[in-house]
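The next block holds one structure in the form of structure tokens; read it before the comments.
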């Protein structure tokens with residue numbers, strides 16, 4: 001098996017933990033695995049480097065000088081890990097950022113001053129990759145090392161342009177580095193080693209009986225990471241191909257192959273079209289937002305008739321329901337008798353249809369500006385009316401006329417660049433950057 005193992009700063013915060021990591025890697029190599037290692041800076045090294053940089057120049061931009069200063073943290077960790085592996089009898093080579101064939105290459109034009117949104121190095125960074133250069137360099141540099149039984153050790157957090165300039169992946173970006181190495185090395189598994197036993201069901205500082213989840217989907221983990229769960233860098237899983245397994249484990253459990261949390265699937269943008277004909281039912285009233293029990297009574301009525309609600313929207317004057325068209329037609333008369341009229345909850349009932357549902361899903365939508373604008377502008381330019389748009393965390397649900405649905409899907413797929421990406425050694429798909 002070919003594994004990428006990434007060690008966070010706490011898991012190698014001192015030489016004793018570096019030696020522990022090396023012993024665990026040696027066991028995997030002895031069992032026949034091919035291993036690639038990605039390392040963060042040790043402990044709080046990055047924070048100390050940041051402080052020294054600010055002491056030298058309080059308002060320094062994140063230019064190449066500042067980035068190279070910060071990169072010295074990871075640049076120290078990589079040869080130290082290679083030395084510890086050598087002490088365990090495992091041949092290892094640290095591949096530094098200054099290597100002429102550094103293999104994870106960004107597209108040109110990104111290595112100048114990084115203008116991060118709030119001026120902080122831990123801001124999310126959207127990096128465009130040069131796939132052709134990266135693939136060629138992995139084939140020429142990394143594959144011969146693996147074939148010879150040598151463990152390549154990479155510093156994380158940064159990649160390089162082909163011209164040589166450093167590009168930051170954002171604070172915590174060593175997680176991103178691990179999945180990029182896994183992507184180009186066509187790994188079977190990426191293992192994120194940290195100081196937590198896996199993905200927890202809740203924050204253990206707040207919930208005493210929180211537990212390690214044995215498995216979680218990449219899309220769900222990406223969603224909770226974007227909401228502040230400090231397990232993985234929020235952008236990391238967008239680079240995970242479907243065929244590449246992933247795990248989050250405690251640094252003391254690396255040798256246990258069933259430890260931690262297994263991450264399945266991908267966190268790529270998904271666009272789905274459900275062509276089931278729906279009817280939009282609009283119930284008009286007054287002060288609906290302050291009247292108690294309105295949703296409960298309507299929901300109980302529909303439940304009694306075994307009618308699921310595909311979606312529900314509400315405001316102070318209108319309650320909107322999306323029901324399957326055939327079921328809606330069977331219950332409209334009774335719905336009207338029950339709820340619409342003088343001294344009843346609503347004063348008017350209107351319907352529209354047939355309508356269908358398009359759903360865009362990606363946890364990154366939470367932090368990426370302009371997605372809703374891109375969707376609405378694309379359909380507006382092609383005279384496709386959005387009957388209604390509903391957003392819920394990582395999902396954007398569009399309702400449009402049934403005759404427009406397939407065209408809307410194709411336009412959005414083209415606008416958002418959706419398509420097949422790169423798989424692991426056994427195929428699969430991922431989101432291209």
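The values are calculated or read from the model by the stated rules, or taken from the named source; none is laboratory data. All values reported here derive from a predicted model rather than from experimental measurement. Using ideal geometry, Cβ is built from the backbone for each residue, glycine included, and neighbour counts are taken over all protein chains shown.
Here are a few things to note about the model shown:
- Total residues in the range 185-200, condition surrounded by 22 or more Cβ atoms within 10 Å (Cβ to Cβ) and not in a strand (DSSP E or B): 4
- Some residue of the range 312-334 being assigned to a loop (DSSP other than H, G, I, E, B), buried (at least 17 other Cβ atoms within 10 Å of the Cβ) and assigned by TED's automatic domain parsing to the domain that holds residue 399: no
- Filtered residues of the range 288-311 (kept if closer than 20 Å to residue 343 by Cβ and either in a strand (DSSP E or B) or out of contact with any strand residue (DSSP E or B) (no Cβ under 8 Å at 6 or more places or on another chain) (or both)): 290, 291, 292, 293, 296, 297, 300, 301
- Within the option set 45, 15, being closer than 27 Å to residue 256 by Cβ and in the same structural domain as residue 186 (by TED's automatic domain parsing) holds for one residue only, 15.
- Identity of the residue in the range 234-255, under 18 Å from residue 12 (Cα atoms) and modelled with pLDDT under 85, that ends up surrounded by the most Cβ atoms within 10 Å (Cβ to Cβ): 254
- Only one of 95, 159 that is within 26 Å of residue 35 (Cβ to Cβ), modelled with pLDDT of 95 or more and either surrounded by 15 or more Cβ atoms within 10 Å (Cβ to Cβ) or out of contact with any helix residue (DSSP H, G or I) (no Cβ under 9 Å at 6 or more places or on another chain) (or both): 95
- When 180, 146, 166 are checked against the criterion of being in contact (Cβ under 8 Å) with a residue 24 or more places away in the chain and over 28 Å from residue 86 (Cα atoms), 166 stands alone in meeting it.
Residue-wise test of (1) at pLDDT 85 or above; (2) part of a strand (DSSP E or B); (3) under 29 Å from residue 182 (Cβ atoms).
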residue: 354; (1), (2), (3): yes, yes, no
residue: 391; (1), (2), (3): no, yes, no
residue: 398; (1), (2), (3): yes, yes, no
residue: 404; (1), (2), (3): yes, no, no
residue: 410; (1), (2), (3): yes, no, no
residue: 422; (1), (2), (3): no, no, yes
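- In the range 209-222, the residues that are in the same structural domain as residue 198 (by TED's automatic domain parsing) form Cβ pairs under 7 Å with partners that are in a helix (DSSP H, G or I), at six or more places apart or across chains, as follows: 218/237; 219/363; 221/237; 222/237; 222/363.
- Within the set 355, 384, the sole residue that is buried (at least 16 other Cβ atoms within 10 Å of the Cβ), without any contact (Cβ under 8 Å) to a residue 40 or more places away in the chain and either over 15 Å from residue 281 (Cβ atoms) or touching a helix residue (DSSP H, G or I) at 6+ places or on another chain (Cβ under 7 Å) (or both) turns out to be 384.
- Selection status of residue 210, under 14 Å from the mean Cα position of the chain (by Cα), over 14 Å from residue 106 (Cβ atoms) and surrounded by fewer than 17 Cβ atoms within 10 Å (Cβ to Cβ): no
- Verdict on residue 260 being at positive phi, buried (at least 20 other Cβ atoms within 10 Å of the Cβ), in contact with a strand residue (DSSP E or B) (Cβ under 9 Å, 6 or more places away or on another chain) and at pLDDT below 90: yes
- Which numbered condition residue 283 misses (of (1) under 22 Å from residue 399 (Cβ atoms); (2) buried (at least 20 other Cβ atoms within 10 Å of the Cβ); (3) touching a helix residue (DSSP H, G or I) at 6+ places or on another chain (Cβ under 6 Å)): (3)
- Against the criterion of being surrounded by fewer than 24 Cβ atoms within 10 Å (Cβ to Cβ), under 19 Å from residue 41 (Cα atoms) and either in contact (Cβ under 8 Å) with a residue 40 or more places away in the chain or not assigned by TED's automatic domain parsing to the domain that holds residue 76 (or both), residue 172 qualifies.
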